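The next block holds one structure in the form of structure tokens; read it before the comments.
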Amino acid sequence: LAHPHGTMPLRLWCGNVPYNATQEELEQVFLEYGKICNFTFRDGFSFIDFETQDEAETARRALHERDFQGRRLQVEYARARGDRGRGEEHQSRVEDPEAPTRHLYVARIPEHVSEEDVRDFFGK
């Protein structure tokens with residue numbers, strides 16, 4: 001991605017995005033803080049490239065821990081792929097990895113499996 005001034009744009013990582021949120025909804029939240037050069041949207045997280053450092057920092061400060069559709073966004077500067085070990089990026093944001101959580105994401109469940117079957121499997 002080329003930046004208008006010949007340098008790389010400043011990239012933020014946004015996690016804990018609700019799975020039912022749309023790119024347009026999340027992008028509107030970040031657009032309040034400046035010009036976005038690139039917006040990469042995935043289930044549960046996004047990468048946002050701002051034109052200036054000031055815009056990226058303002059967005060990070062304003063949106064980190066902000067409620068968005070019932071979840072608290074986690075907004076940090078994105079790291080280069082080589083700057084973290086496997087699983088390290090998640091561990092660094094979890095104060096106590098042994099603490100119980102309220103959410104579990106399960107993918108690729110066959111259509112014939114009911115919600116009750118899943119709850120029974122995981123012990124409600």
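No value in this document is a laboratory result; all are computed from the given coordinates. Just so it is clear, the structure is predicted and the values come from calculations on it, not from any experiment. When we count neighbours, we look across all protein chains shown, and the Cβ atoms used for this are built from the backbone with ideal geometry, even at glycine.
Things to note:
- Average Cα contact separation per residue, segment 41-83, under 8 Å, 6 or more apart, as relative contact order %: 24 percent
- With each label modelled as a point 7 angstrom along the Cα→C-beta vector, the N20-R61 pair spans 3.4 nm.
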